[in-house]
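Below is one structure, written out as structure tokens; comments come after it.
The values are calculated or read from the model by the stated rules, or taken from the named source; none is laboratory data. These numbers come from a predicted model, not from an experiment. Reconstructed Cβ throughout: ideal geometry from the backbone, glycine too, with neighbour counts over all protein chains shown. Just so you know, the surface numbers come from the protein's heavy atoms only, side chains and all, with ligands and any DNA or RNA stripped out. Shrake-Rupley method; radii C 1.70, N 1.55, O 1.52, S 1.80 Å.
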Amino acid sequence: MTINIPPNHPRAKSLHIRELLVAGFKDGLVVPEGLIAHGRGEAFDYLLGEHTSEAARVAAKAASSTLLLADHPVISVNGNVAALCAKEIVELSHITDAVIEVNLFYRTRQREIAIERELKKNKAGIVLGIKKSKASIPELQSERRRVDHNGIYKADAVFVPLEDGDRTEALVNIGKTVITIDLNPLSRTAKAAQITVVDNIIRAIPEMIIAAKHLKMKDKSTLKKIVEEFDNKSNLAESLRLIRDRKR
Ligand code: PTJ
């Protein structure tokens, strides 16, 4: 069943995003738990006013700079990410020369293949994380611990949008620079990552693409300055202030 969302509905965009998740669920990309995770994100999006804040824009710039500066940047893709923005993830990977790796919390062979297919349909090159990986992240018990030797294992910068706190902390503990997108500025992931973009992934990835295209033409010292001046803690505090001070 496809529902007809009236374009003048005050929350039409949010309802459209929901439908992407539902379609992803029906296509075998998203797990039922992913719908719950989306509901949590949606609640924070509502509180943040459903638009990209200046704080998120600053974080997106630092995130793209980090990917461009990295020797071996990797973008980790889960079911929700594939359902919401496969095309944009692929575009970002091309601009930043980042490797794409599928990494699932609720890992099944069928989902790995469905997500790989979705990425390839959107012109992804090599997609790692599909075959059983030998490498693993110490400390982690979940299926997320399995990583590819040529992907997350050897990465210096890992972009893990919509991630769980355990893996974010574990990746930081093994010395990776971790970038995330999370609408919840209080989540463990948001706090543990070095760079957190507090925005809906639907808006945040296009923002990162714009920043990356622009920053790619700049010299390394400009990018390094952007990264050095970024302070995740105060950026998160700014998002919390936005929620607190929102009038309507
Ligand atoms: O596909 P799998 O098997 O790897 O599973 C993916 C999910 C998302 C189910 C899994 O990683 C999970 O359970 O995630 P969590 O721990 O619920 O964390 C997801 C975080 O993403 C939460 O803090 C949400 O607020 C946030 N979030 C959800 N939807 C969005 C979002 N942030 C930005 N944009 C969204 N659209």
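Projecting the Cα positions of Val30, Ser136, Ala170 onto the charge dipole of the chain (unit charges on Cβ atoms of Lys, Arg, Asp and Glu, taken about the Cα centre) puts Val30 furthest along the positive direction. Accessible surface for region 12-130, divided over its residues, is 44 Å² per residue with a 1.4 Å probe. Among the chymotrypsin sites (Phe, Trp or Tyr not before Pro) in region 1-108, those placed in a DSSP loop whose Cβ has at most 16 other Cβ atoms within 10 Å are Tyr106. Since only Phe44, Gln194, Ile126 are under comparison, the one whose Cα sits farthest along the positive direction of the charge dipole of the chain, derived from C-beta charges on Lys, Arg, Asp and Glu, is Ile126.
Residues Arg18, Arg40, Arg11, ordered by accessible area of protein heavy atoms at a 1.4 angstrom probe radius and largest first, appear as Arg40, Arg18, Arg11.
Ligands, DNA and RNA aside, Asp27 has an accessible area near 110 Å² when probed at 1.4 Å.
Computed over the alpha-carbon pairs of the chain, the distance histogram in 5 Å steps reads 1, 7, 14, 19, 20, 18, 12, 6, 2, 1, 0 percent, short to long.
Which entries in the list Lys13/Lys233; Lys121/Lys224; Lys61/Lys87 go over 25 Å, if you measure between the two C-alpha atoms of each? Pairs exceeding the cut-off: Lys13/Lys233; Lys121/Lys224.
Taking the Cα centre of the chain as origin and charging only Cβ (+1 Lys, Arg; -1 Asp, Glu), how large is the dipole, in debye to the nearest 20? The dipole magnitude comes to about 260 debye. Only one residue of Ala212, Thr66, His149 has its Cα farthest out toward the positive end of the dipole of region 54-246, where Lys and Arg carry +1 and Asp and Glu -1 on Cβ, and that residue is His149.
Carbon-plus-sulfur accessible fraction, the chain (probe radius 1.4 Å, protein heavy atoms only): 55%.
Considering only Glu163, Glu91, Glu139, the mean-square fluctuation computed in a Gaussian network model of the chain, springs between alpha carbons under 10 angstrom, is largest for Glu139. If only the Cβ of Lys and Arg carry +1 and only the Cβ of Asp and Glu carry -1, the dipole of region 118-212 around its Cα centre is close to 480 debye. Residues whose amide H comes within less than 5 Å of that of Ala135, counting only those at least five positions distant or on another chain, are Val147, His149 (H built at 1.01 Å from N in the peptide plane). Computed over the chain, the per-residue total of -39500 (n - 2.57) for DSSP H runs of n ≥ 4 gives a 222 nm mean residue ellipticity of -17000 deg cm²/dmol, rounded to 500.
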